[in-house]
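First comes the structure, then the notes that go with it.
The values are calculated or read from the model by the stated rules, or taken from the named source; none is laboratory data. Remember, predicted model here, so these are calculated numbers, not experimental data. Because the Cβ atoms are built from the backbone with ideal geometry, glycine has one as well, and the counts that use them run over all protein chains shown. All accessible areas refer to the heavy atoms of the entire protein, side chains included, with ligands and DNA or RNA removed. Shrake-Rupley method; radii C 1.70, N 1.55, O 1.52, S 1.80 Å.
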Protein chains: 6
Amino acid sequence: MTITRNWLDHAAGSVLIEFGKTKVLCAASASPGVPRWRKGSGLGWVTAEYAMLPASTNTRSDRESVKGRIGGRTHEISRLIGRSLRAVIDYEALGENTIQLDCDVLQADGGTRTAAITGAYVALADAVAHLRSTGALTGEPLTGSVAAISVGIIDGVPRLDLPYVEDVRAETDMNVVMTGEGKFVEVQGTAEGAAFDRAELDALLALAEKGCVDLSRLQQEALAR
Amino acid sequence: MTITRNWLDHAAGSVLIEFGKTKVLCAASASPGVPRWRKGSGLGWVTAEYAMLPASTNTRSDRESVKGRIGGRTHEISRLIGRSLRAVIDYEALGENTIQLDCDVLQADGGTRTAAITGAYVALADAVAHLRSTGALTGEPLTGSVAAISVGIIDGVPRLDLPYVEDVRAETDMNVVMTGEGKFVEVQGTAEGAAFDRAELDALLALAEKGCVDLSRLQQEALAR
Amino acid sequence: MTITRNWLDHAAGSVLIEFGKTKVLCAASASPGVPRWRKGSGLGWVTAEYAMLPASTNTRSDRESVKGRIGGRTHEISRLIGRSLRAVIDYEALGENTIQLDCDVLQADGGTRTAAITGAYVALADAVAHLRSTGALTGEPLTGSVAAISVGIIDGVPRLDLPYVEDVRAETDMNVVMTGEGKFVEVQGTAEGAAFDRAELDALLALAEKGCVDLSRLQQEALAR
Amino acid sequence: MTITRNWLDHAAGSVLIEFGKTKVLCAASASPGVPRWRKGSGLGWVTAEYAMLPASTNTRSDRESVKGRIGGRTHEISRLIGRSLRAVIDYEALGENTIQLDCDVLQADGGTRTAAITGAYVALADAVAHLRSTGALTGEPLTGSVAAISVGIIDGVPRLDLPYVEDVRAETDMNVVMTGEGKFVEVQGTAEGAAFDRAELDALLALAEKGCVDLSRLQQEALAR
Amino acid sequence: MTITRNWLDHAAGSVLIEFGKTKVLCAASASPGVPRWRKGSGLGWVTAEYAMLPASTNTRSDRESVKGRIGGRTHEISRLIGRSLRAVIDYEALGENTIQLDCDVLQADGGTRTAAITGAYVALADAVAHLRSTGALTGEPLTGSVAAISVGIIDGVPRLDLPYVEDVRAETDMNVVMTGEGKFVEVQGTAEGAAFDRAELDALLALAEKGCVDLSRLQQEALAR
Amino acid sequence: MTITRNWLDHAAGSVLIEFGKTKVLCAASASPGVPRWRKGSGLGWVTAEYAMLPASTNTRSDRESVKGRIGGRTHEISRLIGRSLRAVIDYEALGENTIQLDCDVLQADGGTRTAAITGAYVALADAVAHLRSTGALTGEPLTGSVAAISVGIIDGVPRLDLPYVEDVRAETDMNVVMTGEGKFVEVQGTAEGAAFDRAELDALLALAEKGCVDLSRLQQEALAR
């Protein structure tokens, strides 16, 4: 996995995260003010949108802007990324600023949602630093870091980070979002074929915990560069 | 929790499931044929749509048909219900028939998605029986039963089936879908406030396992009536 | 015909009206304030939305929220219900409050629009009482009651309240909305097959007048309970 | 009222109908084939769409294509025009041909929907003649003629064909569609202010009957030219 | 080419421009105020919308309001008309007023976009005069006039104003918008078949310059009437 | 300007074109078959879609998929790219294959549409080579190459390839698309401020001709690598 910071010139933070053949461009745009329902609260807001370029997939997929509506999967992943990042935000320290994350999949080969969360955190950290450098905030709105990993069971064996061809054969698919301190932010396990038992669930959780520790270290190294 | 079967006259299966103040009407419509991408495969299909009536919530919510688009939460829950039911379907035994579940929340007071899954399974079982009685299928497309429960941590204590007022204060919220045999179909845990540790996760899972056993029994009792 | 009041817990007024196999849930939500174009006028507003659940019909109908647009029939009936209720509203006595009626057809077997109007009036009366009990208004915004009935000609014979199977064979179909005082609010007659003459029109009107007297009494009895 | 036939060059039938300041362009396009649900039935189809140009009204109205959705009033009138014309069509004699009427209001000053029906009938008759001249049909699909008029009560007095400034003050507004033989196709009466009694309804119907006789004669004269 | 002013009664300026079989109705609506992003600037705004009636074309085209979205061609032409008119507007002299041009094609036979611009200028001039007569502005917001013409190469020969049947066989198609003073506002040349060389481009430009001089004179004559 | 081929793994052709700070990802997806209206003709089809990522601009722009509609500018540029590429395609040699170009702007700093065309041609050439290598076609569907450049007048001086900050001050803006043989495919000149005269137009065309020769050479070099 490689994390390239400052891939764009305009955004407050931007990261190209690559992971096997998967490439996700994560951009964090910071702007003063918050959505209407939050005005005057003194609290900030962080939100996210996820999308795939049409040619990012094996077979070209239609553009959602052309279809005139966002699909269920896109909605679901956008919401997951937003929730995951908000888990490490202190809204009060952020003040009435909004940070909008855009995670656009340039090429997809499995694990795009977890790569997006992992990259988006780094872009978010850069955007926070940018806001601090411009004097838009003074405290520390980040209460920790967050990273995500996908694990699955293939032929009965729990495995980390499946590429697409293996992902489609997985019996169980699980996405786990964890903080740098090793706590869970989100656990989403789905039986694709047969239902799974508690022992399998425990094995997947253990594998994911280990994987998130590695990702967390890679994030810190990228931010230290 | 009460499950009233045959609440509607037209649908192949229909259930009004009530749970505290929550009321969800689950209707299963059966029709010959499958979506285009599945034609000629000999396999059936099961899908689901979830929606809330505008006046079902404390404060009236706008109608999605009037807004002209389906929100992310609606999409997400519709997909969850569909996946959960498909986990206990043998597509081959179903043959080229489609069963469409409609879960409409008439009144919402927490746990609507898990009530919807639990009720939808019963409506699905009735629709399968209906298809069998009309000769549209002969085997058994149901490989088991499925039920769902929500659990959460409030003030540090894991709790079952939170009503809305408690749900909004929950630190962690988890929806668990299990088969009647006690295996997991879906686990979705979300840290609403602070991230949760492995011990808390285990406590929630244990509570959910126990709750699903009870729901599963209630489903069997309803189907036996 | 049965009218069950307070079928929901959250709405200011709510009624389940049943009529043959037809079941319509009518909910009245009251909120302070009026639409933008009416602000500062001192006048209130009453509006309505009608919709059918997908499984309410003999053959499942697609969800309008999924299609992304509201059909002509839905639009037309929503407007009819709104106009009918506004005919018995004194906007000044209502003050700058809005009452929104939601009429959702849970099961359809003919006469859903007239059942919706008849039930919605009762929910509206309950919502007005609720507003008075909270001190949001003091006078009487209701200038009368309103009820609606459908009549039709089958095989040359005028008939009241046709169920769906007869409705589709009707030569002429008429919906009549009347006040409790026996005046007309809306008359909508449509030749489905052959055009109708004045004598047939008069016979239908006479039948509708009689039917509305009965409905009006049932409304008063329900409100007296 | 003036009716100008063949106002356009491409359409099978086209009429500019003027009525006070109201101008409606009615075009009938004929094409072989019918909608999918009617294929192979041997029966034809007639349908209509109504719309107003943005600058047709006193104050410019937004374009529905720009808003991305058709409003309820537009839907309602389009359906009314279609039903009215279909009342004088023998689908079998029409054969599997479709005639699509487009009624576009170039300038609006009251009575646009009734002018549209009256003009559309003439365009429809021309389109039928055109189909006959090309050999696409041989029999007579028109079973009669159809015309429409609006009547209203102003200051207690029933009046024909109100211009817009009077229409908005009308206590009751009624649109009546009749065949050339003096039978009713559609009666739509609406209390705008106070509800109306049977005597007022009768007076309006009598006035409308007389008005439709005149319109019917004007249509025949135009077609004879 | 004929230009009929004041074709409508409500709009501040309105023109029916006819050109071969092409008929475009251009209406200019004036209203106080400007779009939100321009408020308080002291500057006015001019914008335009173009559309075709369904029956205006040889074969009926679907209504964009029914399709729920505006097509690319419509968007493109609306933007071109707006830009062309704004080229002769002094926003400061216009003050915070908005003039909205609606160019609706009643019948299409080639050159609709250039006819629309040419007619819209005359409607705009009338709207400006109207604003002056009501005291809404005192200076002269028009810095000149603007007209447009289409030219093309057919069988190697440059030609002015192609009707539709010739337009579709043109090898190159060019739309040119010019001021009354003979300067260019917009040049849009497109190779439909083979690419064109500089000599052909020069021939087309020369032809267009000549054509615009004629149109400009016709506009002045119409305004002088 | 740099052109990086094969930037993606799945698409038949893909190019990252960079130009100052502008970065556009051009992907060509090839698929057997053509749109319905072209089936059975033996002819191929080439089409294009253009879009900007939200964070590509100085200030984040809203996502068109979220707005539910494509803006006029996007439509216009998509159409321009498609037309430009089709100018060098021999549909017969392409056979019934479709090549879809997706030009996604990752970062925008002026000249995105011309960069998109220039890059898209290279991706198209790679897609054609890919189709040939798979045996999907045997002849040469490319009749030449195509490149595009933007030129403008700033402070009275014609200039090539303006970055965004200069582009907004340009008095005249022109986009020129040319073949490798030096013929014009598209000329689009727009007066942003004052109208331009023939001498200025000639100066811009001369500059563009020179620029396109350079771009054409860069394309050939990239394809030769």
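Within 13 Å, Cβ to Cβ, of E:Glu200, how many net charges do the neighbouring residues add up to if Lys/Arg are +1 and Asp/Glu are -1?
Values: positive: E:Arg159, E:Arg198, F:Lys183; negative: E:Asp155, E:Glu171, E:Asp173, E:Glu192, E:Asp197, E:Asp202.
My count for the surroundings of E:Glu200 gives -3.
In units of 2.2 N^0.38 Å, what is the alpha-carbon radius of gyration of the stretch B:99-225? Could the numbers behind the result be given before it?
Values: Rg = 16.3 Å, N = 127, 2.2 N^0.38 = 13.9 Å.
The value comes to 1.18.
Distances in nm, one decimal, shortest first, from A:Glu18 to the same residue in every other copy, taking the label point 7 angstrom along Cα→Cβ.
1.2, 6.1, 6.7, 6.7, 7.2
Sum up the charges of everything whose Cβ sits under 14 Å from the Cβ of B:Gly42, counting Lys and Arg as +1 and Asp and Glu as -1, but leave B:Gly42 out. Provide the component values of the computation, followed by the final result.
Numbers: positive: B:Arg38, B:Lys39; negative: B:Asp90, B:Glu92, B:Glu96.
Value of the local net charge: -1.
May I ask for the angle, rounded to the nearest 10°, between helix B:112-133 and the longest principal axis of chain B, with both axes built from Cα atoms and the value confined to 0 to 90°?
Between the helix axis and the principal axis of chain B, the angle is about 10 degrees.
Using only alpha carbon pairs under 8 Å that are at least six residues apart, calculate the relative contact order of the stretch E:1-101 and give it in whole percent.
Details: 151 pairs, mean separation 33.6, N = 101.
Reported as a whole number, the value is 33 percent.
Only counting protein heavy atoms at a 1.4 Å probe, give the residues of the stretch D:79-106, ordered by number, whose accessible area falls by 40 Å² or more when the other protein chains are present relative to the chain alone.
D:Arg79, D:Asp102, D:Asp104, D:Leu106
Could you please point out the chain E residue with its Cβ nearest to the axis of the rotation taking chain E onto chain C, and the distance in whole angstrom?
E:Gly68, 4
Helix A:72-86 sits at what angle to the longest principal axis of chain A, using alpha carbons and giving 0 to 90 degrees rounded to 10?
60
Return the carbon/sulfur percentage of the accessible area of the stretch F:3-51, one whole number, probe 1.4 Å, all protein chains in place. If you can, show how the numbers build up before the last one.
Details: 970 of 2010 Å².
On the stretch F:3-51, the fraction of accessible area on carbon and sulfur atoms equals 48 percent.
When the accessible area of each residue in the stretch E:38-60 is compared between its chain alone and the complete protein assembly (1.4 Å probe; ligands, DNA and RNA ignored), which residues differ by at least 20 Å², being lower in the assembly?
SASA drop of 20 Å² or more in the stretch E:38-60: E:Glu49, E:Leu53, E:Ala55, E:Asn58, E:Arg60.
If I take all pairs of Cα atoms in the stretch F:41-171, what percentage of them are more than 19 Å from each other?
The answer is 56 percent, as a whole percent.
Pick out which of F:Gly110, F:Gly135, F:Gly68 has the largest mean-square fluctuation in a Gaussian network model of chain F, springs linking Cα atoms closer than 10 Å.
F:Gly68
Pick from D:Ala127, D:Ala206, D:Ala116: which residue has the top mean-square fluctuation in a GNM of chain D where Cα pairs under 10 Å get a spring?
Answer for the Gaussian network model of chain D: D:Ala206.
Give me the accessible area per residue for the stretch D:1-101, probe 1.4 Å, as a whole number in Å². Show your work: numbers first, answer last.
Working: 3950 Å² over 101 residues.
Ligands and nucleic acids excluded, the figure is 39 Å² per residue.
Based on alpha-carbon positions alone, could you give the equivalent ellipsoid semi-axes of the stretch E:77-143 from the gyration tensor, as √(5λ), descending, whole Å?
Numbers: eigenvalues 120, 29, 15 Å².
The three semi-axes for the stretch E:77-143 are 25, 12, 9 Å.
Give me Rg over Rh for the stretch D:122-166, both radii from the alpha carbons and Rh done the Kirkwood way, two decimal places.
On the way: Rg = 18.2 Å, Rh = 13.6 Å.
Reported Rg/Rh (Cα atoms, Kirkwood Rh): 1.33.
Run the accessible area of the stretch C:86-175 with a 1.4 Å probe and give the carbon-and-sulfur part as a rounded percent.
Numbers: 1380 of 2870 Å².
That share works out to 48 percent.
Expressed as an acute angle from 0 to 90° and rounded to the nearest 10, what is the orientation of the C-alpha long axis of helix F:198-224 relative to the principal long axis of chain F?
The answer is roughly 40 degrees.
Within 11 Å, Cβ to Cβ, of A:Ser31, how many net charges do the neighbouring residues add up to if Lys/Arg are +1 and Asp/Glu are -1? Walk me through the numbers on the way to the answer.
On the way: positive: F:Arg60; negative: A:Glu96.
Overall, the nearby charge balance is 0.
How many nanometers, to one decimal and shortest first, lie between the label point of E:Glu166 and those of its other copies, if labels sit 7 Å from Cα toward Cβ?
Nearest first, the other copies' label points are 4.2, 5.1, 6.8, 6.8, 8.3 nm away.
May I ask you to give the solvent-accessible area per residue for the stretch A:162-225, in square angstrom, as obtained with a 1.4 angstrom probe? Walk me through the numbers on the way to the answer.
On the way: 2800 Å² over 64 residues.
Averaged over the residues of the stretch A:162-225, the accessible area is 44 Å².
Among E:Ala208, E:Ala194, E:Gln219, which residue has its Cα furthest toward the positive end of the charge dipole of the stretch E:133-225, with +1 on Lys/Arg Cβ and -1 on Asp/Glu Cβ?
Farthest towards the positive end: E:Gln219.
Ordered by residue, what ³J(HN,Hα) values in Hz, to whole numbers, does the stretch B:139-148 give under the Karplus form 6.51 cos²θ - 1.76 cosθ + 1.60, where θ = phi - 60° and Gly and Pro are x?
Values, residue by residue: x, 10, x, 8, 8, x, 10, 9, 9, 9 Hz.
Normalised by the number of residues in the stretch C:129-221, what is the relative contact order in percent for Cα pairs under 8 Å and 6+ residues apart?
On the way: 142 pairs, mean separation 26.1, N = 93.
It rounds to 28 percent for the stretch C:129-221.
Of the residues C:Ser78, C:Ser14, C:Ser65, which exhibits the maximal mean-square fluctuation in a Gaussian network model of chain C defined by a 10 Å Cα contact cut-off?
Fluctuation is largest for C:Ser65.
Only loop residues by DSSP count here, and only those with at most 15 other Cβ atoms within 10 Å; note down the trypsin sites (Lys or Arg not before Pro) in the stretch C:1-87 that meet that. Walk me through the intermediate numbers first.
Working: sites: C:Arg5, C:Lys21, C:Lys23, C:Arg36, C:Arg38, C:Lys39, C:Arg60, C:Arg63, C:Lys67, C:Arg69, C:Arg73, C:Arg79, C:Arg83, C:Arg86; in loops: C:Lys21, C:Lys39, C:Arg60, C:Arg63, C:Arg69.
Here the sparse-neighbourhood loop sites are C:Lys21, C:Lys39.
Provide the convex hull volume over Cα atoms per residue for chain A, in Å³. Walk me through the numbers on the way to the answer.
Working: hull volume 29.8 nm³, N = 225.
Cα-based convex hull of chain A, divided per residue, equals 132 Å³.
Mind checking how much accessible area C and B bury in total, 1.4 Å probe, in Å² rounded to 100?
Details: alone 11210 and 11200 Å², together 19550 Å².
Summed over both sides, the interface buries about 2900 Å².
Let a ≥ b ≥ c be the square roots of the eigenvalues of the Cα gyration tensor of the protein assembly as shown; is it rounded (a/c under 1.5), or, if not, prolate (a/b larger than b/c) or oblate?
Values: a/c = 1.62, a/b = 1.00, b/c = 1.62.
Oblate is the answer for the protein assembly as shown, as a/c is 1.5 or above yet b/c matches or exceeds a/b.
Using a label position 7 Å from Cα in the Cα→Cβ direction, what is the ascending list of nm distances from B:Gly193 to the same site in the other copies?
Taking the point 7 Å beyond Cα along Cα→Cβ, the inter-copy spacings are 4.2, 6.0, 6.0, 6.9, 7.6 nm.
List the relative contact order of chain A as a percent without decimals, with contacts defined as Cα pairs under 8 Å and 6+ residues apart. Write out the running numbers ahead of the final one.
Numbers: 493 pairs, mean separation 46.8, N = 225.
Value for chain A: 21 percent.
Return the calculated 222 nm mean residue ellipticity for chain C, to the nearest 500 deg cm²/dmol, obtained by summing -39500 (n - 2.57) across DSSP H runs with n ≥ 4 and dividing by the residue count. List each step's numbers first, then the result.
Details: 6 runs with 76 residues, N = 225.
It comes out at -10500 deg cm²/dmol, rounded to the nearest 500.
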